[in-house]
Amino acid sequence: MQIIYRPRWSLAFFSGGVGAIVVAVVYCILAIALGLPAGLTAGVTVAASMLYLLFIVMKVRRRSLTVTEEGMIAQRDTFRVAVNWSDFVDVQSKRIGGLYPVDVMTFSGGAVEPVDVSGRRRKAVPSKVHTIGADRRIQVGVYASDWRTGPIGELVARHSSQGQGVE
């Protein structure tokens with residue numbers, strides 16, 4: 001069995017939307033300070049914000065989570081993390097940006113490979129990955145909001161030595 005998940009559309013738009021608002025506000029402030037015409041300011045603000053939103057949505061949707069009998073592989077922008085079900089520790093609920101709720105699975109270990117979303121090998125995994133523990137955590141709620149009742153929850157219950165985290 002192998003199932004591939006992509007980040008939910010709602011998360012992709014949330015991620016890009018917050019940045020697009022910041023881009024719009026910053027551009028408007030600069031335009032007002034420079035005395036640009038209101039029509040030009042509005043047009044450029046909308047265009048720049050929409051381009052930024054589109055870029056981020058496409059970037060987020062290229063990420064993936066592959067679920068197999070052995071474990072999971074999370075493909076992020078600059079690296080890939082592989083974890084085994086036998087290393088499962090627990091699940092914690094968190095909020096991205098303080099607003100968007102996701103469940104984060106923690107594992108006792110994980111293998112990290114410096115590969116981008118196109119499959120090209122990178123020189124090294126950013127040191128921050130190990131420092132913040134991204135080599136042992138997967139934000140499963142980003143990919144599947146119903147993971148507890150679906151294939152992921154079944155695999156956690158079947159392979160986890162504790163069987164915890166899937167109530």
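A few notes on this one:
- Nearest-0.05 FRET efficiency for ILE32 and ALA157, computed from C-beta distance (R0 41 Å): 0.10
- Each residue of segment 87-104 is assigned a 3J(HN,Hα), and the resulting list reads 9, 4, 10, 6, 10, 10, 8, 9, 10, 7, x, x, 10, 8, x, 9, 9, 10 Hz, derived from the Karplus form 6.51 cos²θ - 1.76 cosθ + 1.60 (θ = phi - 60°), x at Gly and Pro.
- Among GLY109, GLY39, GLY71, the largest mean-square fluctuation in a Gaussian network model of the chain, built with springs joining Cα atoms closer than 10 Å, belongs to GLY39.
- Within segment 10-79, the proportion of C-alpha pairs whose separation exceeds 19 Å stands at 49%.
- Looking at segment 1-159, the accessible area is 55 square angstrom per residue; that uses a 1.4 Å probe and ignores ligands, DNA and RNA.
- Estimated D of the chain in µm² per second, where Rh is the Kirkwood radius over Cα pairs and Stokes-Einstein applies at 37 °C, 0.692 mPa s: 186
- Percent carbon-and-sulfur accessible area, segment 8-93, ignoring ligands, DNA and RNA, probe 1.4 Å: 74
- Potential lengthening of the chain between THR131 and ALA111 amounts to 5.8 nm, from the contour at 0.36 nm per residue minus the alpha-carbon distance.
The values are calculated or read from the model by the stated rules, or taken from the named source; none is laboratory data. All of these numbers come straight from a predicted model, not from anything done at the bench. Don't worry about glycine lacking a Cβ; one is built from the backbone with ideal geometry, like all the others, and counts go over all protein chains shown. Surface areas here come from the heavy atoms of the whole protein model, side chains and all, with no ligands, DNA or RNA. Shrake-Rupley method; radii C 1.70, N 1.55, O 1.52, S 1.80 Å.
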